Structure formats: structure tokens, C-alpha cells
Amino acid sequence: MTHDGDLQSMLDSARAGSGRLAAGWGQGRATYGGVVAGVMLAALRGRLEGASQGLPLRSLTVSFVAPATAGPADLDVSVLRAGSSVTQGQVTMRQDGAVVAVLLASLGAERASTVSVAPSAAYPVLPSPDETTALPHVPGVTPDFFAHVDLRLADGGMPYTTASTSHMLGWMRFREPTPTFGEEHFVSLVDAWPPAVIQMLAQPRPASSLTWTLELVEDVTAEPDAYWAYEVRTDHAGHGYGHTHAHVWRPDGTLVAISRQTVTVFG
């Protein structure tokens, strides 16, 4: 059974063609970007037909145009091309007639290929989740959506601690397991970590994702209560923008995704 504020309820509604962002998933004045992306991906999945329905997600790019707030959201879905092995789609989310986010997604079947390159990012040495520091949910202090995600920091600095580091390493999952766990849930989870650079600040300042690209290299179907290993590194930061890349692994060390972001930092 799902409730209006559940992630699953939002995803199911989007698949059925009805966009809605629930209260309780905010970060500042906006809805948490992972949920925005997950809802848009669900809307696209709901429009796919025939062989396209079974194609795995390979890549998505989201541009967060304006703050998406709790409430109804219009989802304009376009299947740009449904080829024999690759399908590409676009979803535009609007609220009150204004664009708040745009998603481009590519889905593709496996191909026979002699090319195989092992991941360049090594699986990090991590203590168990129970041995790491949980990022707390403090009403009125931390983002509202922290009530829904379990983030365990193993290395790097906590937000707003004037840290000299600009990376984060740890575990993540939802606090309340969803009924199942697939691509839309994974997309909704991966963006949960705070922008890595805000650990360098001395006090809370606004920071948010401007663009986000997520590339899936393996299947992300999993048990709903599984922890995922996450590591993000900052490639460059300056002039109010940070550029980061991250990797996500299964607990067995299998690399499943590569994430890249441009974040805005007001401080």
C-alpha cells in the first residue's frame, strides 16, 4: 500500500500520465532533484510502446531550469525516436505554465561487441554502513527529503565544516524500502548526496544542481533495502560553480553508474 507522499506513489502516477510532486521531499524552496528526475523518467517509461518498453536506460541528462515545488506538475513527453535497438525521449516538466526541468534519456539494447574496457575507477575500501556516520535529518536544518534517505559518510567532510576536502565517500539507500527497486528508484536515490563542495563552507549557503548526467553501465535492479556505495570527486570549482563526477557500485564491487554534475554555489 502506498500513500500520497510515497516515492512509489509519485512514480506510479507519472507512469499513468499524471505528474505530482509530494510535500516532504523538499530541499530549500525546491523539490529534491532526484525525485524530479525519477518522476520524469517514469513518465517516459509510461509512454513507451512495443520493444522500447523493455530497453534498459543507458543515459539521462537533466537540466533543472527553475525550482520545482510540491503540487501538480504537467509532464510533456516526446519519444524522439524509437529505433531497432535505441530509443530516445524527452520529458519537459511544467508548473503554472513555466518550465521547471527538462530530461533527455537514451535507452538501448545490448549489442555484440569485441570492445571491453574494465572500469578505471577502483571499488573503494569502505567500512560497513553501521561503522559510518549517518547524515542526520534535523527538521528545519537539513533538507526535508533527508527524512527519506539513509546516507552514510565514510570519508570526506560533513556539510559546512570548512573542510579542506572536496570529495565524499559512503553508502546510500532509502530509509523506507520501496516495494521494488529499479531504474526509476535508482535515479531518485543517486542525487541525494549534498553537493561535495559545500563541506568547504563555514555556514549554510544555497547550493543546488544545475545539470545532471547519469550513465548506467549495469543493471540496477536490486533488493529495496540494499545499500549502494558512492564516491564523488570535485574536478573544478570556482566563480560560484562546481563540477563533479561520481561512481556508484553494488556492495559486491560491481560498478553500475557514473554521475556528472554542475552545481551552483552561493558562497
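Looking at this structure, is residue 196 touching a strand residue (DSSP E or B) at 6+ places or on another chain (Cβ under 9 Å) and open to solvent by less than 30 Å² (accessible area, probe 1.4 Å)? Taking the combined requirement at face value, the residue satisfies it. Tell me yes or no: at least one residue of the range 41-54 is under 15 Å from residue 211 (Cβ atoms), buried (at least 16 other Cβ atoms within 10 Å of the Cβ), of a type outside the set (Phe, Trp, Tyr) and under 12 Å from the mean Cα position of the chain (by Cα). No, the conditions are met nowhere in the range 41-54. Going through (1) over 17 Å from residue 95 (Cα atoms); (2) out of contact with any strand residue (DSSP E or B) (no Cβ under 9 Å at 6 or more places or on another chain); (3) in contact (Cβ under 8 Å) with a residue 40 or more places away in the chain; (4) part of a helix (DSSP H, G or I) one by one, residue 52 falls short only on (2). Within the range 67-97, the set of residues being open to solvent by 50 Å² or more (accessible area, probe 1.4 Å), under 19 Å from residue 210 (Cα atoms) and part of a strand (DSSP E or B) comprises 90, 94.
When the range 102-132 is filtered for residues that are under 21 Å from the mean Cα position of the chain (by Cα) and not in a loop (DSSP other than H, G, I, E, B), the ones remaining, listed by number, are 102, 103, 104, 105, 106, 107, 108, 129. Residue-level check: of (1) at pLDDT 95 or above; (2) small (Gly, Ala, Ser); (3) open to solvent by 70 Å² or more (accessible area, probe 1.4 Å); (4) within 30 Å of residue 54 (Cα to Cα), residue 182 misses just (3).
The values are calculated or read from the model by the stated rules, or taken from the named source; none is laboratory data. Computed from a predicted model, the values in this text were never measured in an experiment. Heads up, the Cβs are rebuilt from the backbone with ideal geometry, glycines too, and the neighbour counts pull from every protein chain shown. To get the accessible areas, we keep the full protein, side chains included, count just its heavy atoms, and leave off ligands, DNA and RNA. Shrake-Rupley method; radii C 1.70, N 1.55, O 1.52, S 1.80 Å.
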